[in-house]
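Visitor: Before I ask anything, here is the structure I am working with.
The values are calculated or read from the model by the stated rules, or taken from the named source; none is laboratory data. All values derive from a computational prediction rather than experimental measurement. With ideal geometry, Cβ positions are generated from the backbone for all residues, glycine too; neighbour counts draw on all protein chains shown. The accessibility values were calculated without ligands, DNA or RNA, using every heavy atom of the protein model including side chains. Shrake-Rupley method; radii C 1.70, N 1.55, O 1.52, S 1.80 Å.
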Amino acid sequence: MPERNEDAQAIKSSKDTPMSLVERQDTMHEDSSVWTGGMGSASDYVALLKPRVMSLVIFTAFVGLMLAPGSLHPVLGAVAILCIAIGAGASGALNMWYDADIDEIMSRTKKRPIPAGKITRDEAFAFGITLSAGSVVALGLLVNWFAGAFLAFTIFFYVVVYTMWLKRSTPQNIVIGGAAGAFPPMIGWASVTGSVSLESFVLFLIIFMWTPPHFWALALFKSGDYRAAGVPMLPVVAGETSTRHHIVVYSILLAPIAVAPYFLGFATPVYGVVSALLGLAFVGMAVDVWRKRDGEPARLACVRLFKFSIFYLFILFALLLGESLVVGA
Amino acid sequence: MVEEEQGIKLTDEQKKKRRSRSIAIAAVLAALVAIFYVVTIVKLGPGILNKPL
């Protein structure tokens with residue numbers, strides 16, 4: 001009987017590969033009168049947008065927009081930031097659509113709407129695609145098409161290059177995938193100027209170099225999660241010692257790049273001094289992670305570096321923003 | 001004999017969630033209307049409707 005064969009195949013394939021929630025729902029609810037979709041409230045859809053990541057994107061894009069030479073009407077500036085934020089949120093939703101199988105396993109992500117059973121994968125996909133297209137078209141029509149195209153490229157880079165390709169295939173996933181998170185200040189800048197420049201590239205470079213040590217510090221104290229989910233993060237594949245070497249090297253590269261805005265003339269000496277001191281502290285904490293290899297002290301050093309890295313990036317961009325407001329006034 | 005209703009039947013919980021989504025969509029649409037209205041004026045100026053044909 002063909003139906004039986006299909007059932008048997010479904011059960012067999014479910015043993016070979018972990019089932020996505022949609023497949024699981026399909027096999028669990030044979031009674032077609034019970035539809036398992038439509039369980040997401042508005043707040044579940046907001047959670048799909050990864051609001052915390054979105055807040056960082058809004059902030060860095062705003063800094064890029066404020067630092068750019070020339071002027072943009074405040075209403076258009078607000079629209080640009082909104083479009084960039086929605087585009088980033090859409091990337092997050094598409095990331096959760098694709099990574100539902102991984103999210104189900106990791107403690108950090110298993111409460112996300114798809115693994116929690118509130119939103120189906122199809123719903124997340126439709127939501128993500130709609131918002132992606134909407135944000136790109138709106139940014140293109142209302143602000144400028146260069147910025148719109150840049151946003152489209154960023155979404156493509158995060159969803160296809162990072163999520164679908166690199167994340168599951170190489171331990172360097174964070175390094176290259178981090179570029180997607182580093183583009184927002186360049187898009188903010190492009191919203192004003194319609195182009196890219198050395199200054200906006202430096203803003204990109206700061207976030208790009210910051211991302212690997214930030215995530216590797218997290219991966220060191222959450223490596224069990226990534227191992228269980230089969231994500232080839234550096235500590236899982238290359239080992240914790242190699243990861244510690246990488247963290248130190250990237251921190252040493254990051255510190256001088258973070259001071260570059262001062263040397264390139266778009267930040268004051270105050271920024272120069274503060275960024276240099278924070279860079280030294282960053283390298284110091286990275287060395288601490290490198291030195292402490294075992295037990296609770298090692299874990300604490302990683303947590304400390306992870307938390308400091310967030311503070312570090314926030315202060316750098318806040319200073320650049322503050323200076324642009326003071327100097328521009 | 002009453003014929004049994006066909007198709008998907010929503011549970012009360014699903015109806016509640018759908019209502020919350022509908023309100024959110026309405027709010028987003030209203031915001032989009034406002035944004036396009038304001039941006040039109042910003043980009044084209046308040047005299048957009050006073051141009052000779």
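Visitor: Can you list the HN-Hα couplings for region A:208-225, worked out from phi with the Karplus curve (6.51, -1.76, 1.60; θ = phi - 60°), rounded to whole Hz and with x for Gly and Pro?
Guide: So the Karplus estimates, Gly and Pro as x, are 4, 7, 6, 4, x, x, 4, 6, 5, 4, 5, 5, 5, 9, 10, 5, x, 4 Hz.
Visitor: OK, next. Can you tell me the FRET efficiency between A:Thr36 and A:Val270 if r is taken as the Cβ-Cβ distance and R0 is 51 Å, rounded to the nearest 0.05?
Guide: On the way: r = 56 Å, r/R0 = 1.11.
After rounding, the FRET efficiency stands at 0.35.
Visitor: What does the charge dipole of the protein assembly as shown about its Cα centre add up to, to the nearest 20 debye, if the Cβ of each Lys and Arg holds +1 and the Cβ of each Asp and Glu holds -1? The partial results should precede the final answer.
Guide: Details: 32 positive and 27 negative charges, 203 e Å.
Roughly 980 debye, rounded to the nearest 20.
Visitor: Could you tell me what fraction of 2.2 N^0.38 Å the Cα radius of gyration of region A:265-329 comes to, as a two-decimal ratio? Walk me through the numbers on the way to the answer.
Guide: Values: Rg = 15.1 Å, N = 65, 2.2 N^0.38 = 10.7 Å.
The reported ratio for this selection is 1.40.
Visitor: Additional query: Determine the relative contact order of region A:186-301: mean sequence separation of Cα pairs under 8 Å and six or more apart, normalised by residue count, in whole percent.
Guide: Numbers: 107 pairs, mean separation 26.6, N = 116.
It rounds to 23 percent for region A:186-301.
Visitor: Still on this model: Normalised by the residues of region A:46-194, what does the relative contact order come to in percent, with Cα pairs under 8 Å and at least six apart?
Guide: Details: 207 pairs, mean separation 54.5, N = 149.
Dividing the mean separation by the residue count of region A:46-194 yields 37 percent.
Visitor: Rounded, prolate or oblate: which fits region A:46-194 when a ≥ b ≥ c are the square roots of the eigenvalues of the alpha-carbon gyration tensor, with rounded for a/c under 1.5 and prolate only if a/b beats b/c?
Guide: It is prolate, given that a/c is not under 1.5 and a/b is the larger ratio.
Visitor: Taking Cα pairs under 8 Å and at least six residues apart, what relative contact order does region A:56-129 come out at, in percent? All intermediate terms of the calculation are to be shown ahead of the outcome.
Guide: Values: 50 pairs, mean separation 22.0, N = 74.
In percent, rounded to a whole number, it is 30.
Visitor: What does the charge dipole of region A:197-329 about its Cα centre add up to, to the nearest 20 debye, if the Cβ of each Lys and Arg holds +1 and the Cβ of each Asp and Glu holds -1? Before the final figure, lay out each step's value.
Guide: On the way: 9 positive and 7 negative charges, 79 e Å.
Result for region A:197-329 is approximately 380 debye, rounded to the nearest 20.
Visitor: Past 32 Å, Cα to Cα, is the threshold; run A:Lys50/B:Lys15; A:Lys110/A:Lys307; A:Lys50/B:Lys16; A:Lys307/B:Lys43; A:Lys118/A:Lys167 against it and keep the listed order.
Guide: Working: A:Lys50/B:Lys15 25 Å; A:Lys110/A:Lys307 22 Å; A:Lys50/B:Lys16 23 Å; A:Lys307/B:Lys43 43 Å; A:Lys118/A:Lys167 25 Å.
Distance filter (> 32 Å) returns A:Lys307/B:Lys43.
Visitor: Residues of region A:98-117 with amide nitrogen under 15 Å from the 7 Å Cα-to-Cβ point of B:Arg21?
Guide: Inside the label zone: A:113-114, A:117.
Visitor: Using only alpha-carbon positions, what ratio does the radius of gyration of chain A give when scaled by 2.2 N^0.38 Å?
Guide: Working: Rg = 21.7 Å, N = 329, 2.2 N^0.38 = 19.9 Å.
Compactness ratio reported: 1.09.
Visitor: Given a Förster distance of 45 Å, report the FRET efficiency between A:Leu280 and A:Ser71 from their Cβ-Cβ distance, rounded to the nearest 0.05.
Guide: Working: r = 36 Å, r/R0 = 0.81.
It comes out at approximately 0.80.
Visitor: Same structure again: With a 1.4 Å probe and all protein chains kept in place, how much accessible area does A:Cys83 have, in Å² rounded to the nearest 10?
Guide: 10
Visitor: Each label point is 7 Å from the Cα along the Cα-to-Cβ direction; what then is the distance between the points at A:Leu141 and A:Phe201, in nm?
Guide: Here the answer is 3.4 nm between the modelled labels.
Visitor: Working from the alpha-carbon coordinates of region A:197-329, get Rg over Rh, Rh being the Kirkwood radius. Please list the in-between numbers first.
Guide: Details: Rg = 16.1 Å, Rh = 15.4 Å.
For region A:197-329, the value is 1.04.
Visitor: For B:Phe36, what accessible surface area do you get with a 1.4 Å probe? Give it in Å², rounded to 10.
Guide: About 90 Å², ignoring ligands and nucleic acids.
Visitor: From largest accessible area down, sort A:Trp290, A:Trp145; use a 1.4 Å probe on the protein chains.
Guide: On the way: A:Trp290 100, A:Trp145 140 Å².
Descending order: A:Trp145, A:Trp290.
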